[in-house]
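Reading through the structure tokens given below for one structure.
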Amino acid sequence: AHEKQGRANLYRPIIEQQSVQSVALKHIIQKLFGGSAELLLARLVKDGGIDLGDVIKLRKKLKQRTGGTS
């Protein structure tokens, strides 16, 4: 979508970035990792794309999401 500002057009996204990220990530997990988020995370760990600090943060988020039962 866009609007006029003087002689210029100001563009803004129609779809939110988080929505696009979610769809793209689901597609990547399905197509490249056979639907397994675990395989995606294992690849990130193996390739150094995720470290222990990231894992700790993810674990906290999982506990919050599941009500502390993980």
Count of region 11-37 residues which are farther than 21 Å from Ala1 by Cα and aromatic (Phe, Trp, Tyr) = 1
Has region 14-25 got at least one residue that is assigned to a helix (DSSP H, G or I) and among the charged types (D, E, K, R)?
-> no
Which residues, counting only those in region 29-38, are assigned to a helix (DSSP H, G or I) and surrounded by 11 or more Cβ atoms within 10 Å (Cβ to Cβ)?
-> Ile29, Gln30, Leu32, Phe33, Ala37
Output for region 39-55, where each listed residue is assigned to a helix (DSSP H, G or I), surrounded by 10 or more Cβ atoms within 10 Å (Cβ to Cβ) and out of contact with any Phe, Trp or Tyr (no Cβ under 6 Å at 6 or more places or on another chain) = Leu41, Ala42, Arg43, Leu44, Val45, Asp54, Val55
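Okay, residues lined up against (1) touching a Ser or Thr at 6+ places or on another chain (Cβ under 8 Å); (2) at pLDDT 95 or above; (3) polar (S, T, N, Q):
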residue: Leu10; (1), (2), (3): no, no, no
residue: Glu16; (1), (2), (3): no, no, no
residue: Ala24; (1), (2), (3): no, yes, no
residue: Phe33; (1), (2), (3): no, yes, no
residue: Ile50; (1), (2), (3): no, no, no
residue: Val55; (1), (2), (3): no, no, no
residue: Leu62; (1), (2), (3): yes, no, no
residue: Arg65; (1), (2), (3): no, no, no
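The values are calculated or read from the model by the stated rules, or taken from the named source; none is laboratory data. As the structure is a computational prediction, the values presented were derived from the model and not from experiment. All Cβ positions, glycine included, derive from the backbone under ideal geometry; neighbour counts span all protein chains shown.
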